[in-house]
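Visitor: Let me give you the structure first, and then I'll get to my questions.
The values are calculated or read from the model by the stated rules, or taken from the named source; none is laboratory data. Remember, predicted model here, so these are calculated numbers, not experimental data. Here the Cβ positions follow ideal geometry from the backbone for every residue, glycine too, while neighbour counts run over all protein chains shown. For accessibility, only protein heavy atoms count, side chains too; no ligands or nucleic acids. Shrake-Rupley method; radii C 1.70, N 1.55, O 1.52, S 1.80 Å.
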Amino acid sequence: MTLTNHLLSALPPAIVTELAPAMETVVLSKGDRLHEPGDIIAALYFPLDCVLAITLTMSDGVSAAIGIVGSREMIGLNAVMGRSAMTQTAYMVQVTGSAIKLEARVLLAAFDRYPAVRAVLLRYTQALIAQMAQNTACNSRHALERRLARWLLEVHDRVAGDEVILTQSFLATMLGAPRSSITLAAHRFQERGLLRYRRGHIHILQATGLESSACECFQAIKAEYNRLLGTKPGALP
């Protein structure tokens, strides 16, 4: 299976070829932290099969997850806003995997030069804002079990295969819920034959059944991404 990043695949091949000398395939390991708040963004990452949480730390030191990044997204979007662009969020790797690393200055130059690059990144900006807005509503309105099903599907959509390694700590951060409640909800899905859950290893057995248990947010975000960026790599509307 060839791993791809949706945003890179949406760019014209000639532009990707031009950017290629500045690209590097890297492995991002679980627990790695990228772009700490206040850091100037020097490098961008286009995930292939790794998954990261976008986190925001409050003044009391407590962190909350506000989004997810995988093969449909990129890390370091703020770089196109200026040569000394910074971020107030951090990115923590939750699922180990590979990504394409690109110097921020190279993408910024391409953003300034090519309308096609601007089109892809501006559409992605809309999609990311939609994800974060939906997350806010989801966390305040929907039951834990439905939100858990939704987040498992979000990760499943961004990795190769049906098995994902997700710690209770990550799920607790994403869902803003106690670990014990998450374990109980996961076991209920397991009893229904939707997944196998053991020590952070989650094997999704019935994605369709899990989707029927998820809240509306999974399909809402997916529909917005598809509207803005196409249903498959290279199919920008």
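Yes/no per residue for (1) over 25 Å from TRP151 (Cα atoms); (2) assigned to a loop (DSSP other than H, G, I, E, B); (3) not hydroxyl-bearing (Ser, Thr, Tyr):
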| site | (1), (2), (3) |
| --- | --- |
| SER9 | no, no, no |
| GLU18 | yes, no, yes |
| PRO21 | yes, no, yes |
| GLU24 | yes, no, yes |
| PHE46 | no, no, yes |
| LEU56 | no, no, yes |
| ILE68 | no, no, yes |
| ARG72 | no, yes, yes |
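Visitor: What pairs come up if the first residue lies in segment 208-237 and is at pLDDT below 90, the second is open to solvent by 90 Å² or more (accessible area, probe 1.4 Å) and of a type in the set (D, E, K, R), and their beta carbons are under 9 Å apart, counting only those six or more places apart or on different chains?
Guide: PRO237/ARG227
Visitor: Can you confirm whether segment 103-113 contains a residue that is touching a Pro at 6+ places or on another chain (Cβ under 6 Å) and either surrounded by fewer than 16 Cβ atoms within 10 Å (Cβ to Cβ) or farther than 15 Å from ILE15 by Cα (or both)?
Guide: No, segment 103-113 contains no residue that is touching a Pro at 6+ places or on another chain (Cβ under 6 Å) and either surrounded by fewer than 16 Cβ atoms within 10 Å (Cβ to Cβ) or farther than 15 Å from ILE15 by Cα (or both).
Visitor: While we're here: Considering only residues that are among the aliphatic types (A, V, I, L, M), under 16 Å from the mean Cα position of the chain (by Cα) and buried (at least 19 other Cβ atoms within 10 Å of the Cβ), which ones fall in segment 1-54?
Guide: Within segment 1-54, LEU7, LEU8, LEU28, LEU34, LEU44, LEU48, VAL51, LEU52, ALA53, ILE54 meet the criteria.
Visitor: Do we have any residue at all in segment 138-146 that's at pLDDT 90 or above, closer than 24 Å to LEU228 by Cα and either touching a helix residue (DSSP H, G or I) at 6+ places or on another chain (Cβ under 9 Å) or open to solvent by less than 30 Å² (accessible area, probe 1.4 Å) (or both)?
Guide: Taking every residue of segment 138-146 in turn, at least one turns out to be at pLDDT 90 or above, closer than 24 Å to LEU228 by Cα and either touching a helix residue (DSSP H, G or I) at 6+ places or on another chain (Cβ under 9 Å) or open to solvent by less than 30 Å² (accessible area, probe 1.4 Å) (or both).
Visitor: Give me a count of the residues in segment 173-196 that are without any contact (Cβ under 8 Å) to a residue 60 or more places away in the chain, outside any loop (DSSP other than H, G, I, E, B) and either more than 22 Å from the chain's Cα centre (by Cα) or closer than 19 Å to GLY70 by Cα (or both).
Guide: Qualifying residue count, segment 173-196: 12.
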